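Okay, structure first, notes after.
The values are calculated or read from the model by the stated rules, or taken from the named source; none is laboratory data. Keep in mind that this is a model prediction, so the values were computed, not measured. Cβ placement follows ideal geometry from the backbone for every residue including glycine, while neighbour counts extend to all protein chains displayed. What goes into the accessible areas is simple: the full protein's heavy atoms, side chains included, and nothing from ligands, DNA or RNA. Shrake-Rupley method; radii C 1.70, N 1.55, O 1.52, S 1.80 Å.
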Amino acid sequence: NAGVMQNPRHLVRRRGQEARLRCSPMKGHSHVYWYRQLPEEGLKFMVYLQKENIIDESGMPKERFSAEFPKEGPSILRIQQVVRGDSAAYFCASSLRRDNEQFFGPGTRLTVL
Amino acid sequence: DQQVKQNSPSLSVQEGRISILNCDYTNSMFDYFLWYKKYPAEGPTFLISISSIKDKNEDGRFTVFLNKSAKHLSLHIVPSQPGDSAVYFCAARVYSGGGADGLTFGKGTHLIIQP
């Protein structure tokens, strides 16, 4: 009964490095969502993807951030040239259909030194 | 611009009593509302949801009430149990016709159940 899986759970990067966060949705789910949670804040929507397509990226910063969900393999959230302000918990969620409930993974905690 | 507001950062309730968590929203386009529960170092866990065409939805100890005219919803937990101690997030969604995309979350309320 595998839920949404995310790895790594913790990631430490120095300023200027790249961060790659992975998300494997629940079995049978083809809709993936990425959220970011800053300290003392709620989760903020970043991007919504279906297999091989970005459907809604209205919450993604315009620079340095990208996401993909290939036909095979996990969804990847990529942050280039990380800065201290990127330090946050990044959560992935998946759903069976577009208007179904979203189930969340345990998150990746990114720390930028 | 906080479209979903949870004005109580924390709430303390005695075990066995009713816990009432409140949430207000400003976007009249929201048509679906959800409550999630979150423990430290874990992802949010879906609890219960309600469509804007209803005013109440019940699931075991959890009941969500929606007052559209006041743009207010609440989550009732009765009776409260120690395992209910967690952060509770209210979330809302705009149905865009072809489906819904990202959820808009409040900042959360930390519920503490005291023995």
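Consider B:Tyr32 carefully, then state whether it is touching an Asp or Glu at 6+ places or on another chain (Cβ under 7 Å), modelled with pLDDT under 95 and within 14 Å of another protein chain (Cβ to nearest Cβ).
In short, no.
Out of all the residues in the range B:42-99, which are among the hydroxyl-bearing types (Ser, Thr, Tyr), open to solvent by 60 Å² or more (accessible area, probe 1.4 Å) and in contact (Cβ under 8 Å) with a residue 40 or more places away in the chain?
B:Tyr95, the sole residue that qualifies.
Looking for something within 30 Å of B:Ser52 (Cα to Cα) and aliphatic (A, V, I, L, M) - is there at least one such residue anywhere in the range A:62-80?
no
Pick out the one residue from B:Asn7, B:Asn57, B:Asn67, B:Asn27 that is away from chain A (no Cβ under 14 Å) and out of contact with any Leu (no Cβ under 6 Å at 6 or more places or on another chain).
On inspection, the qualifying residue turns out to be B:Asn67.
Anything in the range A:12-57 that is more than 10 Å from every other protein chain (Cβ to nearest Cβ), among the β-branched types (Val, Ile, Thr) and crowded, with 22+ Cβ neighbours inside 10 Å? List them, or say none.
Listed by number, the list holds a single entry, A:Val32.
Could you go through the range B:91-110 and let me know if any residue there is under 24 Å from A:Met26 (Cα atoms), more than 10 Å from chain A (Cβ to nearest Cβ) and part of a strand (DSSP E or B).
Within the range B:91-110 (the criterion being under 24 Å from A:Met26 (Cα atoms), more than 10 Å from chain A (Cβ to nearest Cβ) and part of a strand (DSSP E or B)), the answer is yes, since at least one residue qualifies.
Name the residues in the range B:9-41 that are surrounded by fewer than 15 Cβ atoms within 10 Å (Cβ to Cβ) and either of a type in the set (Lys, Arg) or part of a loop (DSSP other than H, G, I, E, B) (or both), would you?
B:Pro9, B:Glu15, B:Gly16, B:Arg17, B:Ile18, B:Thr26, B:Asn27, B:Ser28, B:Met29, B:Tyr39, B:Pro40, B:Ala41
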